[in-house]
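Quick notes on the structure that follows.
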Amino acid sequence: MTPGTVLFLILALIAVASAIGMLTSANAVHAALFLVINFFCIALFYLGLHAPFLAMVQITVYAGAIMVLFLFVIMLLGAERISLGSTLRWQGPLAIVLVVLLLGVTIFILFSPQIGSQMPVPEVWTAAQAAGDAEFGSPASVGLVLFERYLLPFQMVGILLLVAMIGAVVLTRDELKTGRKRREAQTAVSPDGQTGEVGEA
Amino acid sequence: MSDFVIFLIDAAVKAVLIIVGLVLGFAYTTWLERRFIARLQSRVGPNRAGPAGLLQPWADALKLFFKEDIMPTDADRIIYTLAPAVTSVPALIVLGVVPFGGQISLFGYQTTLGLADINVGVLYIVAVTSIAVYGVVLAGWASSNKYAMMGGLRATAQMISYELAMGLAILAPVMMAASMSMSDIIDAQQNIWFVFLQPIAAVIFYITILAETNRSPFDLPEAEQELVAGYHTEYSGMKFASFFMAEYMKMIAVSAIFSALFLGGYRFFGLENLLGGWMGPIILFVKIVASLAFMVWIRATLPRFRYDKLMAFGWKVLLPLSLANAVVTAVLIVLDIIPSFA
């Protein structure tokens, strides 16, 4: 085995173990941390595949931003102690069936000679490999592909994200307004001049 | 020896040098801070242990080693123990992509001073700083103490808010140098430093690194007057020292990064080639010490932000300003009004 393979196997083991740990932890904070470990393994896989740009973005966006926000919400709500109980019990058997199906399809594709040979390889990839590995996966080459070949999808994703962002802003603003109205209403009805703040909590 | 073995030894020696440099730097940054802030407040500061108090850090370390290691009853034992390590690691690894000198020759062996000059250097820095908050948050949560928890929550909110402005501020030197490699950015500043070409980005970046390292006036996660000691309230002994160490190592690391991005890094208009290239690290050292002294000066001068003001400043001032700066820089580069050093 080459050092690369050994490294891959160790990482794969950690990735799978952390994924299982994430699923089986009862404590939400522990589950989130296992997921962070898993994201790190995936970033290291990207590095092994000569995609350093993707690896760094994976860490910044998923481990650095999204999971930090998850942890923030879990801690703020004290949600790590809330047990879901039996409401999700029916999902277990269903998940097993779906996993077996997915695994079956994956193994079929990987090992059937007909499909395996016809697997489409992106043109960009082969071109980059032909040109040599030096620039493959560098920020410049990723940027060029993104802004020339995939400009339209890139812009559309940008618009989608903008819509989601505006949606989030509107949702929080709306809550503020109704909250103020309710408070005004409560102030109006309370006879002894109480502000009605108690009901707001 | 094969090339691979030489490469491994080369990298290992540089990594050990960076780590030893950071740990020693931590010890003497505490000394610098205590002496300098004492001067600013018309005091003398620690001057008993050794000449001018130079042995004070070692005395402190010795004391902390013999402190009792306390574990709160309700603490999450594993995470409580891991948190100090998780805080220290990003501070130790972030300098891996920053060159601290040019080509040197040591007993006939040619090498570049700098661990890894990768083409995503700037992104690596952004990635490592973005995960630096985990140690603080986990320490706050695992202590199962409400003050520690508040400190952890504050640290999270602060990091997320200032990270965006920091990323956008870094964009300016990246666009000017047309590269994400730290050595390219330093090379692009051979004639003029980016702090003069990009003053707004430099100021925003400096403010955000103060926030990311929880330095005053952004030290809300450990605000003594409100939160006892914030996220490390329950920690003692060497675990407490680890948090302390991480904070000072982060100060050194971000000072080095600021020097590389805006102050020309190890270069000083050709002077770095003196002494067979060994002048480079000395120049970088001087810049880092200047930046550290500036941080101490800020701490002695500015009062702490109020929490809502901190958030408003991050989201309503720094973020729009850094975004506008990035857009204007991009447009000016495309129109060839300001030069890009590609």
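Bear in mind that the values in this text are calculations on the coordinates, not laboratory data. All values reported here derive from a predicted model rather than from experimental measurement. Ideal geometry is used to build each Cβ from the backbone, glycine not excepted, and the neighbour counts take in all protein chains shown.
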(request) For B:Ala52 paired with A:Leu103, estimate the spin-label separation in nm (one decimal), with each label point 7 Å from Cα along the Cα-to-Cβ line. (result) 6.7 nm
(request) Mind checking A:137-149 for the average number of partner chain beta-carbons within 10 Å of each residue's beta-carbon? (result) 2
(request) Using only Cα atoms, tell me the angle between helix B:77-93 and the longest principal axis of chain B; keep it within 0 to 90° and round to the nearest 10. (result) 30 degrees
(request) Starting with the highest mean, order B:235-247, B:62-74 by the number of other Cβ atoms within 10 Å, averaged over the residues of each peptide. (result) B:235-247, B:62-74
(request) Calculate the translational D of chain B in whole µm² s⁻¹ from Stokes-Einstein, where the hydrodynamic radius comes from the Kirkwood formula applied to all Cα pairs, the temperature is 25 °C and the viscosity 0.890 mPa s. (result) 116 µm²/s
(request) Please work out the C-alpha center-to-center distance from the stretch B:54-125 to the stretch B:32-46 and express it in whole Å. (result) 26 Å
(request) Using +1 at the Cβ of each Lys and Arg and -1 at the Cβ of each Asp and Glu in the protein assembly as shown, identify which of B:Val98, B:Ser242, B:Gln56 lies farthest towards the dipole's positive end. (result) B:Gln56
(request) Ratio to report: Rg/Rh of the stretch B:165-298, with Cα atoms as the point set and Rh obtained by the Kirkwood method; give two decimals. (result) 1.05
(message) Within chain B, count lysine pairs with alpha carbon atoms under 22 angstrom apart where the residues are 8 or more positions apart or belong to different chains.
(response) 7
(request) Could you compute the FRET efficiency for A:Ala164 and A:Ala140, with r as their C-beta to C-beta distance and R0 at 35 Å, rounded to 0.05? (result) 0.75
(request) Using the Karplus curve 6.51 cos²θ - 1.76 cosθ + 1.60 with θ = phi - 60°, work out ³J(HN,Hα) for each residue of the stretch B:56-67 in order, rounded to whole Hz, and write x for Gly and Pro. (result) 3, x, 5, 4, 4, 4, 4, 4, 5, 4, 9, 6
(request) Arrange the peptides B:327-335, A:156-164, B:251-259 so that the one whose residues have, on average, the most other Cβ atoms within 10 Å appears first. (result) B:251-259, B:327-335, A:156-164
(request) Report the percentage of all Cα-Cα pairs in the protein assembly as shown whose separation exceeds 40 Å, rounded to a whole percent. (result) 32 percent
(request) Starting from the Cα-Cα distance between B:Trp278 and B:Leu8, subtract it from 0.36 nm times their residue separation and give me the gain in nm to one decimal. (result) 95.0 nm
(request) Report the extension gain between A:Val157 and A:Ile10 in nm, rounded to one decimal, defined as 0.36 nm multiplied by the number of residues separating them, less their alpha carbon distance. (result) 49.4 nm
(message) With +1 on the Cβ of every Lys and Arg and -1 on the Cβ of every Asp and Glu, and nothing else charged, how large is the dipole of chain B about its Cα centre, in debye rounded to the nearest 20?
(response) 940 debye
(message) Counting only helical runs of four or more DSSP H residues, what would the 222 nm mean residue ellipticity of the protein assembly as shown come to if each run contributes -39,500 (n - 2.57) and the total is spread over all its residues?
(response) -21500 deg cm²/dmol
(message) Positive end of the dipole of chain B, charges at C-beta (+1 Lys, Arg; -1 Asp, Glu), about the Cα centre: which of B:Val89, B:Ile186, B:Pro72 has its Cα farthest in that direction?
(response) B:Pro72
(request) Please get the size of the charge dipole for the protein assembly as shown, origin at its Cα centre, with Cβ charges of +1 on Lys and Arg and -1 on Asp and Glu, quoted in debye to the nearest 20. (result) 1140 debye
(message) Sort B:Met150, A:Met22 by Cβ crowding within 10 Å, fewest neighbours at the top.
(response) A:Met22, B:Met150
